[in-house]
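Below: one structure, written as structure tokens.
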Amino acid sequence: MALVTKAVKGTQDILPGESFKIQYIEATALDIAKAYGFREIRTPVFEHTELFSRGVGDTTDVVQKEMYTFDDKGGRSITLRPEGTAGAIRAFLEHGLFNEPLPQKLCYLTSCYRYEKPQAGRLREFHQFGVECVGTASPAADAEVISLAKDLFDFLGVNGLKLEINSIGCPECRKKYYEALRAYFSDYKSELCETCLGRLERNPMRILDCKSPVCGKISAGAPKITDYLCDDCRDHFEKVQAYLDAIDIEYTVNPRIVRGLDYYTRTVFEFVSTEIGAQGTVCGGGRYDGLCEELGGAKTPALGFAMGIERLMLLMEKQKTEYPAEQKCNLYIASTGDGALKKAMQITTQLRRDGMSVQFDVAGRSVKAQMKYANKLGAEFTMVLGDDEISSGTAKLKNMQTGKETQVTLDTFVDDFMNIAIEQSMAALQESFEIDESIDISSIIGNKF
Ligand code: ATP
Ligand code: MG
């Protein structure tokens, strides 16, 4: 096979055998978001470049090094979204969502694009589940957003993630902190990487986030932001911690967390795993009280998080977290001859409308080949229709697990199938367990059909 081309470096295909997993994660995320009152927002995959240079910040790695930026045919500078917050906030401002009851609680599932060196947990196209709570400065909102992320991990059965929180203060308290950082780092000018040298003047806090081992080592001895917080920011941070304590969420304060993005203020947090290598941050978030104003709107405090779906799945793979089984083919109707094929189509159409997964032969194969295919699909029941069955109006329904065959009447089959399937599953269950007769197993089995 000589393929014309392969998938672009740093991108991934999600094949049918895996897609049910991501569907499950996404559906669970949306369910939990809903329970918290967050509603989905969908924004375009590309935006005007200035949205990100302003909204993410032009001293960040994302803007300086990682964006997919190009001129479109009309000469506009366009960028594929590297993250979800800037687009969500642009839409919030553009459509006047600030006139709706506040806070507006938004969530999204999006693809993101960053030109980074591909490695485990680092892709050029990846996916995020994110939430944004816009229009509240209360520390209770910080605790709520953190709790949402935690609930999702707990519900999925992911464990061992460490929640680390910090406060990076407001522009006021950061002024003093920046001075202290500049004084500290200027002693190491000859050792800092090129990028960090540039950051020293404009945004020295970003140096703490540098991935270079040398800069990391130097950063370890740097002054801590928590020693420079103003009274209001300190009070906010203490309340966030008190609220997390109140709902039994464990955390550690890590003064090194600054997050990569410029618009963060006050609370920042990460859920970190030690099980998936260097790219251990599965979820990162925080408050960005300055972003709406930065994008031309009124000052509107807000916060949110973004969770990397691929990193989450890596961790789930590592921990062998169980996913609910994919819905199997409930029934395969094999057929021979055109009359039988039509009957198979009719029955299938009806049962599918009842929510059943049913298949018939769309490949014109022999009955033997059809049965082989049904087996590979893992069909729970099969039925063969030919001239005899059509003329007699009866057929044999076979339970593929027990081998048991049941005579069925085609005219009433659509109505009967569900009952027969439930009956046989009940019998199989009763055989494999000693079940107390008083337990209503039909309610257990009912979920399956
Ligand atoms: P990192 O320090 O790993 O580069 P970041 O600070 O750039 O992360 P954010 O911008 O906060 O990450 O994005 C939120 C989440 O999105 C991350 O915690 C991670 O789970 C995921 N993520 C970020 N970049 C990538 C990537 N290139 N590939 C896969 N997932 C990513
Ligand atoms: Mg990054």
Just want to confirm a number: the relative contact order over the chain, from Cα pairs under 8 angstrom separated by 6+ residues, in percent. 14 percent
If you look at just the Cα atoms of the chain, how large are its Rg and its Dmax in Å? 28.4, 94
What ranking of SER53, SER273 comes out by heavy-atom accessible area, probe 1.4 Å, highest first? SER53, SER273
Which of the residue pairs LYS342/LYS398; LYS318/LYS372; LYS73/LYS211; LYS65/LYS217; LYS189/LYS224; LYS21/LYS318 have a Cα-Cα distance greater than 26 Å in the structure shown? LYS318/LYS372; LYS73/LYS211
Could you compute how much accessible surface HIS95 exposes when probed at 1.4 Å, giving the result in Å² to the nearest 10? 120 Å²
Treating the beta-carbon of each Lys and Arg as +1 and of each Asp and Glu as -1, no other charges, what is the dipole magnitude of the chain about its Cα centre, to the nearest 20 debye? 1640 debye
Nearest 500 deg cm²/dmol is fine: what mean residue ellipticity at 222 nm does the chain get from its DSSP H runs of n ≥ 4 alone, each adding -39,500 (n - 2.57), divided by its residue count? -11500 deg cm²/dmol
With all protein chains present and a 1.4 Å probe, the order of THR402, THR60 from largest accessible area down is THR402, THR60
With every protein chain kept in place and a 1.4 Å probe, segment 1-115 has an accessible area per residue in Å² of 57 Å²
Going toward the positive end of the dipole of segment 151-287, with +1 on Lys and Arg Cβ and -1 on Asp and Glu Cβ, which of VAL268, GLY169, THR195 do you reach last? THR195
With only Lys, Arg, Asp and Glu charged, each at its Cβ (+1 for the first two, -1 for the last two), find how big the charge dipole of segment 136-202 is about the Cα centre; round to the nearest 20 debye. 260 debye
Could you tell me the center-to-center distance, by alpha carbons, between segment 24-84 and segment 144-175 in angstrom? 21 Å
Using a 1.4 Å probe on heavy atoms of the protein chains only, the accessible area for TYR243 in Å², nearest 10, reads 90 Å²
May I ask you to rank GLU389, GLU431 by accessible area, largest first, using a 1.4 Å probe over the protein chains only? GLU431, GLU389
Top mean-square fluctuation among GLN370, GLN64, GLN241, Gaussian network model of the chain, C-alpha springs under 10 Å? GLN370
Between segment 296-369 and segment 195-230, the alpha-carbon center distance in angstrom: 48 Å
A 1.4 Å probe over the protein heavy atoms gives segment 30-155 a carbon and sulfur accessible-area percentage of 51 percent
Counting only protein heavy atoms and using a 1.4 Å probe, what share of the accessible area of segment 299-420 belongs to carbon plus sulfur, as a whole percent? 48 percent
Give me the dipole magnitude in Debye, nearest 20, for segment 229-327 about the Cα centre, with unit charges on the beta carbon: positive for Lys and Arg, negative for Asp and Glu. 200 debye
Mind ranking 142-155, 8-21, 320-333 by how tightly packed they are, going by the mean number of other C-beta atoms within 10 angstrom, highest first? 142-155, 320-333, 8-21
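The values are calculated or read from the model by the stated rules, or taken from the named source; none is laboratory data. Remember, it's a predicted structure, so these values are computed and weren't measured experimentally. Reconstructed Cβ throughout: ideal geometry from the backbone, glycine too, with neighbour counts over all protein chains shown. Note: accessible area is taken over every heavy atom of the protein model, side chains too, but ligands, DNA and RNA are not part of it. Shrake-Rupley method; radii C 1.70, N 1.55, O 1.52, S 1.80 Å.
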